[in-house]
Amino acid sequence: MKIAIPRERRAGELRVAASPDTVKKFKTLGLDVVVESGAGLGSSILDSAFEAAGAAIATDAASALSDADIVLKVQRPLIAGEGETDELALIRKGALLFAILNPHNSRDHVKAYAEAGVNAFAMEFMPRITRAQV
C-alpha cells in the first residue's frame, strides 16, 4: 500500500499531514510513503528529513497522488475552479482520503468526492478523547 502526503495548497495552511516520525511508523508497518516536494516547508521540515525517514520524494502533486491508496492532507483537496491544481482529479478512484473536510459547509466537495469514487474521512469527526480512541 502506498500513502501520499501532498503539499497543502489552501491559503494560510502551513501544516503538513505527517512528520518524519509518522513516516517511520508507516514504513515499519510495511507501507510505502511518498511526500510531495516542499510539503513540510511551512512546518520547517525539509524533504531530506522525510527522505531520511524512508519516504520517497515526488516532484509534484500528480506523481505523488497518481497511484496512492491512501492520501493524507490537513485541509480538503482543491477541486476544479478553486486553484491552479485540481487535487481531487489527481486522486485515483477507490483511494482513501483523510483530511479536515468541513463536510457540513462544503457539500459541493462531498458530492465531488462521491463522483470521483474517493472514500473520504473527515478527521474533525474522529473521536479525540482517550477513552474513544481505544
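Is there any pair linking a residue in region 98-121 that is farther than 18 Å from Pro6 by Cβ to one that is open to solvent by 60 Å² or more (accessible area, probe 1.4 Å) and part of a helix (DSSP H, G or I), with Cβ under 6 Å and at least six apart or on different chains, and which?
Pro103/Val110
When only residues in region 108-134 that are assigned to a helix (DSSP H, G or I) and more than 26 Å from Asp67 (Cα to Cα) count, which is modelled with the highest pLDDT?
Ranking the qualifying residues of region 108-134, first place goes to Phe125.
In the list Ala39, Ala61, Ala49, Ala11, which residue meets the criterion of being open to solvent by less than 40 Å² (accessible area, probe 1.4 Å) and over 15 Å from the mean Cα position of the chain (by Cα)?
Ala49
Sort out which residues of region 35-76 are within 11 Å of Pro6 (Cβ to Cβ) and of a type in the set (Val, Ile, Thr), and write them in order of number.
Val35, Val71, Val74
Name, by its number, the condition in (1) modelled with pLDDT under 95; (2) open to solvent by less than 70 Å² (accessible area, probe 1.4 Å); (3) of a type outside the set (S, T, N, Q) that does not hold for Gly81.
Of (1) modelled with pLDDT under 95; (2) open to solvent by less than 70 Å² (accessible area, probe 1.4 Å); (3) of a type outside the set (S, T, N, Q), only one is false for Gly81: (2).
For region 75-102, enumerate the residues that are farther than 25 Å from Gly42 by Cα and either in contact with an Asp or Glu (Cβ under 9 Å, 6 or more places away or on another chain) or of a type in the set (A, V, I, L, M, F, W, C) (or both).
Arg92, Gly94, Ala95
The values are calculated or read from the model by the stated rules, or taken from the named source; none is laboratory data. Just so we're clear, the structure is a prediction, and the values are computed from it rather than from any experiment. Because the Cβ atoms are built from the backbone with ideal geometry, glycine has one as well, and the counts that use them run over all protein chains shown. Accessible surface is based on the protein model in full, side chains and every heavy atom, while ligands, DNA and RNA are left aside. Shrake-Rupley method; radii C 1.70, N 1.55, O 1.52, S 1.80 Å.
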